[in-house]
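Trainee: Structure provided below as structure tokens; questions to follow.
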Amino acid sequence: MNVSRSIADDRNRVFEFAGPPRRVVSLVPSDTLNVAALGCASALVGRTDYCDLPAEVVARLPSVGGTKNPRIDDVMRLEPDLVLANQEENTRGDLEALAQRGVRVYVAFPKRVADGVAHLARLARLFGVAREPGARDLVKRAYQAVRSAEQARAASAGVAPVQTFCPIWMEPLMTVHGDTFISDMLALCGARNVFDDRARRYPL
């Protein structure tokens with residue numbers, strides 16, 4: 001498999017890859033699912049307590065703790081050549097601690113659904129499967145789904161959106177404002193996040 005040698009993450013840091021990563025710890029539940037969906041589950045060697053899909057994949061993977069409190073020593077014991085992280089899911093201190101110990105930490109931060117699909121496409125390049133039929137079709141269908149949703153939204157511009165509250169945490173009760181992946185997903189589905197105008201990114 002071929003892989004692009006230079007790939008930037010959402011912090012605009014450029015990583016050089018001579019080949020696909022072979023030992024990957026995912027600190028992001030959605031990326032555990034993404035990697036498996038791209039056909040690269042064999043590269044995963046660790047995950048978080050909250051990674052639950054695909055069930056048959058995560059069942060064989062050791063957990064390194066939560067997304068907010070991974071056990072750094074456990075991550076290091078797995079000898080990863082790459083850690084997948086998310087700017088909102090994971091804490092800066094943990095990611096810096098891993099980087100200081102010589103681990104490549106690839107950080108994603110999609111704010112729109114289309115950003116999430118672009119991230120999936122970059123993962124396909126990173127793992128060297130961008131031209132594989134299964135991965136290529138997955139990314140293509142994802143982009144098509146976004147375009148179809150955008151067209152449907154434009155066609156129903158005169159229809160009042162469903163007023164929606166989406167809780168993301170219970171103690172304390174939290175939701176999201178407008179500049180988030182979740183809020184954009186709601187909008188694509190014909191809903192309006194009733195907290196989209198709040199100043200705080202995660203209103204209490």
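The values are calculated or read from the model by the stated rules, or taken from the named source; none is laboratory data. All values derive from a computational prediction rather than experimental measurement. Using ideal geometry, Cβ is built from the backbone for each residue, glycine included, and neighbour counts are taken over all protein chains shown. Areas reflect the complete protein model, heavy atoms only, side chains present, ligands, DNA and RNA absent. Shrake-Rupley method; radii C 1.70, N 1.55, O 1.52, S 1.80 Å.
Trainee: How many residues does the stretch 119-144 hold that are of a type outside the set (Asp, Glu) and surrounded by 16 or more Cβ atoms within 10 Å (Cβ to Cβ)?
Mentor: Residues flagged as of a type outside the set (Asp, Glu) and surrounded by 16 or more Cβ atoms within 10 Å (Cβ to Cβ) within the stretch 119-144 amount to 16.
Trainee: Could I ask something else about it? Please note which helices (runs of 4 or more DSSP H) are completely contained in the stretch 111-193 and include at least 3 residues that are charged (D, E, K, R) and over 23 Å from VAL83 (Cβ atoms).
Mentor: Once the helices (runs of 4 or more DSSP H) in the stretch 111-193 are filtered for at least 3 residues that are charged (D, E, K, R) and over 23 Å from VAL83 (Cβ atoms), what remains is 133-155.
Trainee: Do any residues in the stretch 104-124 that are touching a residue at least 60 places away in the same chain (Cβ under 8 Å) have Cβ atoms under 6 Å from those of residues that are among the small types (Gly, Ala, Ser) and assigned to a loop (DSSP other than H, G, I, E, B), where the two are at least six apart or on different chains, and which pairs are they?
Mentor: ALA124/ALA130
Trainee: Also: Which condition breaks for ASP184 when tested against (1) at pLDDT below 95; (2) touching a Lys or Arg at 6+ places or on another chain (Cβ under 6 Å)?
Mentor: For ASP184, the failing item is (1).
Trainee: Any residue in the stretch 157-173 that's within 17 Å of SER183 (Cα to Cα): show its pairings with residues that are basic (Lys, Arg) and assigned to a loop (DSSP other than H, G, I, E, B) at Cβ separation under 6 Å, as long as the two are six or more apart or on different chains.
Mentor: That search, which allows pairs on different chains as well, returns nothing.
Trainee: Being closer than 26 Å to MET185 by Cα and surrounded by fewer than 17 Cβ atoms within 10 Å (Cβ to Cβ) is true for just one of ARG112, ARG71, ARG92. Which residue is that?
Mentor: It is ARG92.
Trainee: Separate question: Looking at the stretch 1-36 only, could you name the residues that are touching a Leu at 6+ places or on another chain (Cβ under 6 Å) and either of a type in the set (Asp, Glu) or open to solvent by 10 Å² or more (accessible area, probe 1.4 Å) (or both)?
Mentor: ASP31, LEU33, ASN34 - these are the residues of the stretch 1-36 that are touching a Leu at 6+ places or on another chain (Cβ under 6 Å) and either of a type in the set (Asp, Glu) or open to solvent by 10 Å² or more (accessible area, probe 1.4 Å) (or both).
Trainee: Say whether the condition of being under 17 Å from LEU38 (Cβ atoms) and open to solvent by 40 Å² or more (accessible area, probe 1.4 Å) is met by at least one residue in the stretch 145-167.
Mentor: yes
Trainee: Could you list, in sequence order, all residues of the stretch 37-65 that are closer than 20 Å to ASN90 by Cβ, in a loop (DSSP other than H, G, I, E, B) and open to solvent by less than 70 Å² (accessible area, probe 1.4 Å)?
Mentor: Residues satisfying the conditions are THR48, CYS51, LEU61, PRO62, VAL64.
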